[in-house]
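Below is one structure; the comments refer to it alone.
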Amino acid sequence: MIPLAQRVKLVADSITLAVSAKATALKKAGVDVVGFGAGEPDFDTPAFIKDAAKTALDKGVTKYTPTPCIPELKQAIADKFTRENGLPYKPENVTVGAGGKHCLYMAFMAVLDPGDEVLIPSPYWVSYPEQVKLAGGVPKIIPGDEKNGFKITPQQLEAAIGPRSKVLVINSPSNPGGHAYTPAELKALADVVVRHPNLTVFSDEIYEKLVYDGLRFVSFATLAPQLIDQTLTFNCHSKSFAMTGWRVGYIGGPKPVIDAINKLQSQMTSHITSFCQPAAAAALNDPRGAESIESMRQQFEKRGRHMHQRLSALQSVTCVKPQGAFYCFPNVSHYFGKNASGVKLTDAVTFAAALLEQSHVAVVPGNDSGFDTHVRLSFATSMEQIDKGLDRIADFLKKIG
Ligand SMILES: Cc1ncc(COP(=O)(O)O)c(C=O)c1O
């Protein structure tokens, strides 16, 4: 037997994996499962982006590129940050990695020393605490309150900051909560951060384009002049351009950190796939990119409103109205301690498992996001599927006694 490294043990086994494995098995067996688990747009990548990749392949863009990418892509990202976010990053201030996930991981590896604390508001995206642990850091959760739309307050942030606090993760709009801070709420958090110049902010802005009810998105690093030196801004093509499988993510930040990340990447992956790079630049530079995002956003907004209305109408279920991303995160804890056809419901995992088993609806339990009272439903699916799934959930809840 090959002995494994200690670090593998640091990473928690995902408790939600068993539920998604079961959903896959049921579908394979021909069961009509309504899937609300998807963390990706159900739209295809816009044709002009695919064409740019095809052209690159035909032109022989199949060899190594510079680390982290070709100059055109760095320039396109720097221009995007300046034009759309008001962030005056130059090409030397940006780097590229294999999706938002890889970018976040490289950044934690670049800034954390053993024992450094990373402040993570909950509910949080599942990978933050695991990546922090792998990089030698210690996740410190700041609990978001459903009554406050899952948003943390400046007082909570101030109280959480201690001598070992190195990084604060801000994810707005958020997965899985669907909440998004208003510019004023974010500014109030920024006012706390500027009083702690040793704190670095990782602003995960990958859902920036998917905001609803007229909410205005602002980049964290623009909220006070000194924040440009204190913040790393994360983004990717996955959600905005429906490019999850392409694995394109990027970071903007102060040059010394970007150089450090490039140094790590040069010994790890070198760069992302060569022919994805010109296509990623085209997505940012071509006006058709913005048009396709807006048409997708409008559909998500309609679906999100509809799913939220239907969830809110369910007996004893509460649901924060999503302001961004494509998730509803309802509270189903009223049903804990009760039985669903003989199965005792104790938390979000048992709830999700019974719902899948008995009513063939797949949802993601919130346990891995720090909320074992909530389940996540993605509205990156059709209106028909949303109605069909919600009808089934309503029937399922009626049977719980
Ligand atoms: C909040 C958040 N950050 C980062 C990522 C990672 O994105 P990518 O698919 O580009 O790696 C995700 C993916 O679901 C996410 O929800």
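The values are calculated or read from the model by the stated rules, or taken from the named source; none is laboratory data. Owing to the predicted nature of the structure, the values given are computational and were not obtained by experimental measurement. Positions of Cβ are generated from backbone atoms using ideal geometry, with glycine treated the same way; all protein chains shown enter the neighbour counts. Just the protein is used for accessible areas: all its heavy atoms, side chains included, with ligands, DNA and RNA removed. Shrake-Rupley method; radii C 1.70, N 1.55, O 1.52, S 1.80 Å.
Quick notes on this one:
- Subset of region 232-262 [away from the ligand (no atom under 16 Å from the Cβ) and either part of a helix (DSSP H, G or I) or of a type in the set (S, T, N, Q) (or both)]: 255, 256, 257, 258, 259, 260, 262
- Odd one out for residue 131, checked against (1) in contact with a Phe, Trp or Tyr (Cβ under 9 Å, 6 or more places away or on another chain); (2) within 13 Å of the ligand (Cβ to nearest atom); (3) touching a residue at least 40 places away in the same chain (Cβ under 8 Å): (3)
- A single entry from 309, 265, 299, 315 fulfils the requirement of being farther than 22 Å from residue 43 by Cα, away from the ligand (no atom under 16 Å from the Cβ), assigned to a helix (DSSP H, G or I) and of a type outside the set (A, V, I, L, M, F, W, C): 309.
- Out of 147, 133, 187, sole residue that is touching a helix residue (DSSP H, G or I) at 6+ places or on another chain (Cβ under 8 Å) and either at pLDDT 95 or above or closer than 28 Å to residue 256 by Cα (or both): 133
- Residues located in region 241-255, provided they are surrounded by fewer than 23 Cβ atoms within 10 Å (Cβ to Cβ) and under 18 Å from the mean Cα position of the chain (by Cα): 242, 244, 245, 247
- Selection within region 202-217 - buried (at least 20 other Cβ atoms within 10 Å of the Cβ) and either over 16 Å from the mean Cα position of the chain (by Cα) or not hydrophobic (A, V, I, L, M, F, W, C) (or both): 203, 204, 205, 207, 208, 209, 212
Condition check ((1) open to solvent by less than 10 Å² (accessible area, probe 1.4 Å); (2) under 29 Å from residue 214 (Cα atoms)) across all residues:
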site: 113; (1), (2): no, no
site: 124; (1), (2): no, yes
site: 167; (1), (2): yes, no
site: 193; (1), (2): yes, yes
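- Scanning region 147-165 for residues that are in contact with a strand residue (DSSP E or B) (Cβ under 6 Å, 6 or more places away or on another chain) and more than 16 Å from the ligand (Cβ to nearest atom) turns up 156, 160, 164, 165.
- Residues that are open to solvent by 10 Å² or more (accessible area, probe 1.4 Å) and touching a residue at least 40 places away in the same chain (Cβ under 8 Å) within region 224-239 comprise 228, 239, listed in sequence order.
- Consider region 73-101 and keep the residues that are surrounded by fewer than 20 Cβ atoms within 10 Å (Cβ to Cβ) and part of a helix (DSSP H, G or I). The one that is nearest to the ligand (Cβ to nearest atom) is 101.
- Checked against (1) surrounded by fewer than 23 Cβ atoms within 10 Å (Cβ to Cβ); (2) in contact with a helix residue (DSSP H, G or I) (Cβ under 6 Å, 6 or more places away or on another chain), residue 221 meets all criteria but (1).
- Among residues of region 136-181 being of a type in the set (D, E, K, R) and part of a helix (DSSP H, G or I), the one that is farthest from residue 301 (Cα to Cα) is 158.
- Against the conditions (1) closer than 30 Å to residue 360 by Cβ; (2) part of a loop (DSSP other than H, G, I, E, B); (3) within 16 Å of the ligand (Cβ to nearest atom), residue 30 satisfies every one except (3).
- Any chance residue 218 is in contact (Cβ under 8 Å) with a residue 24 or more places away in the chain and either part of a strand (DSSP E or B) or at positive phi (or both): no
- Condition met for residue 57 (aliphatic (A, V, I, L, M), modelled with pLDDT of 95 or more, over 18 Å from residue 377 (Cβ atoms) and open to solvent by 40 Å² or more (accessible area, probe 1.4 Å)): yes
- Residue, surrounded by the fewest Cβ atoms within 10 Å (Cβ to Cβ), within region 256-287, restricted to residues that are within 20 Å of residue 169 (Cα to Cα) and in contact (Cβ under 8 Å) with a residue 24 or more places away in the chain: 260
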